[in-house]
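What follows is a single structure, written as structure tokens, with notes after it.
The values are calculated or read from the model by the stated rules, or taken from the named source; none is laboratory data. No experiment lies behind these values; they were computed from the predicted model shown. We place every Cβ from the backbone using ideal geometry, glycine too, and count neighbours over all the protein chains shown. Just so you know, the surface numbers come from the protein's heavy atoms only, side chains and all, with ligands and any DNA or RNA stripped out. Shrake-Rupley method; radii C 1.70, N 1.55, O 1.52, S 1.80 Å.
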Amino acid sequence: MRSGTPTIVGYMPAGVLIPDGYTIPYYDTRTKKGYQRQPQDSRINQLASDLRKDRTDLPTAVLLNIRKRDARNALRGGNLELNRLPELGIAAMFHVVDGQHRILALKKLIEEDTERWSQFMIPYVCLLGAPEEEEMEQFYIVNSTAKSVKTDLALVLLRRRADKDPAVYQALQERGREWQVDGQAIVERLAVESQIWKHRVRLPSMEKGETTIPSASMVTSLKPLLSSPYFGGLKPDQQIKVLDAYWHGIREVLRAAFDDPAMYAIQKGVGVIVMHSVLPNVLECVRNRGLLTADPGSYRSILEDALTKLQGENGVGEPVSGIDFWTSAPKGAAGSYSSSAGRRVLAAKIRQLLPSVEVE
């Protein structure tokens, strides 16, 4: 290390650490000692479940430290000989600098099946003789400079994994997250196949250009729709046809907004999220009237009055309606509904303007 602290990198059986070979220096607000966050049971349980079902590996090393400076004297031939530590008057105790959830998940598994999981090999990096202050510095570096994968790319990678490994999709189903893969597949197809959405959806690594919505936002907008009984039960090809027809129907009502999408909010986050959230209600109206769910005209007839009569106040307090409602701020009103609460209110307003569903 820059400080002169030697390190050793390798693998060790989990049984060397667990149950009594490690300690986690949690931060204590009273004494101001320690630096670790309290563990999250959900993360521990999820990782233990994935390891138990052989769905994951632990490819990244845990970061440990043996605090006594003389610990470096237990190195021989590139190996850390733990049995030499007592001879040096050092307890063979590892301080966990980073990786507590991995270790605690393995602790849970060892309690279930000691023979199996004690032999599980953990990759590790171990500081030899670093003081607590250096541990804190390394903890800060690891946890403050790491950058997570952007959501749009993460969804692409998740879909690719699920396509190649059915176990990945099964695990997502168990967690109620399969909509992410299903939604990503739909959005990728719409971005290529739909006249409405071609050049409008911003896929990972794309420049903004003429796009109006990031792919991750559009995937998220599909979550309630994919959970709805009718749409969620359709085959992917049918879902694509319904969505494409739906947006073509909206375009027939608000044509100007689609001819100049940058000047209007309908193909941006607020418009897409709200219009997708009301689609289950629109589908009920379409089916109730015996109309075709893959025909743009069906959606035009259901939505025309609602979208024409929709009213609100723009950024300067003036009443606007119809196509003007969707004009970008400050001239339009849609932008004032961009918060999650605002989107719920706007969706409710549109639902109130839809035709009633008749019960036979």
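Brief remarks follow.
- Qualifying residue in the range 312-330 (condition: open to solvent by less than 60 Å² (accessible area, probe 1.4 Å), at pLDDT 95 or above, touching a Pro at 6+ places or on another chain (Cβ under 9 Å) and among the small types (Gly, Ala, Ser)): no
- So Glu188, is it in a helix (DSSP H, G or I), closer than 30 Å to Phe94 by Cβ and either touching a Ser or Thr at 6+ places or on another chain (Cβ under 6 Å) or not β-branched (Val, Ile, Thr) (or both): no
- Restricting the range 52-78 to residues that are touching a residue at least 24 places away in the same chain (Cβ under 8 Å) and open to solvent by 80 Å² or more (accessible area, probe 1.4 Å), the residue that is farthest from Val9 (Cα to Cα): Lys53
- Residue check for Met12: assigned to a strand (DSSP E or B) and touching a strand residue (DSSP E or B) at 6+ places or on another chain (Cβ under 7 Å): yes
- All positions within the range 91-116 that are outside any helix (DSSP H, G or I) and either out of contact with any strand residue (DSSP E or B) (no Cβ under 7 Å at 6 or more places or on another chain) or surrounded by fewer than 19 Cβ atoms within 10 Å (Cβ to Cβ) (or both): Ala91, Ala92, Met93, Asp113
Residues checked against (1) open to solvent by 70 Å² or more (accessible area, probe 1.4 Å); (2) not aliphatic (A, V, I, L, M):
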{"residue": "Asn143", "(1), (2)": "no, yes"}
{"residue": "Ser148", "(1), (2)": "yes, yes"}
{"residue": "Arg159", "(1), (2)": "no, yes"}
{"residue": "Ala171", "(1), (2)": "no, no"}
{"residue": "Trp179", "(1), (2)": "no, yes"}
{"residue": "Gly183", "(1), (2)": "no, yes"}
{"residue": "Ser194", "(1), (2)": "no, yes"}
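- Scanning the range 205-220 for residues that are buried (at least 21 other Cβ atoms within 10 Å of the Cβ) and of a type in the set (Gly, Ala, Ser), we see that the one that is farthest from Arg177 (Cα to Cα) is Ser215.
- Looking only at the range 221-237, and only at residues there that are closer than 23 Å to Lys150 by Cβ and in contact with an Asp or Glu (Cβ under 9 Å, 6 or more places away or on another chain), the one that is surrounded by the most Cβ atoms within 10 Å (Cβ to Cβ): Leu222
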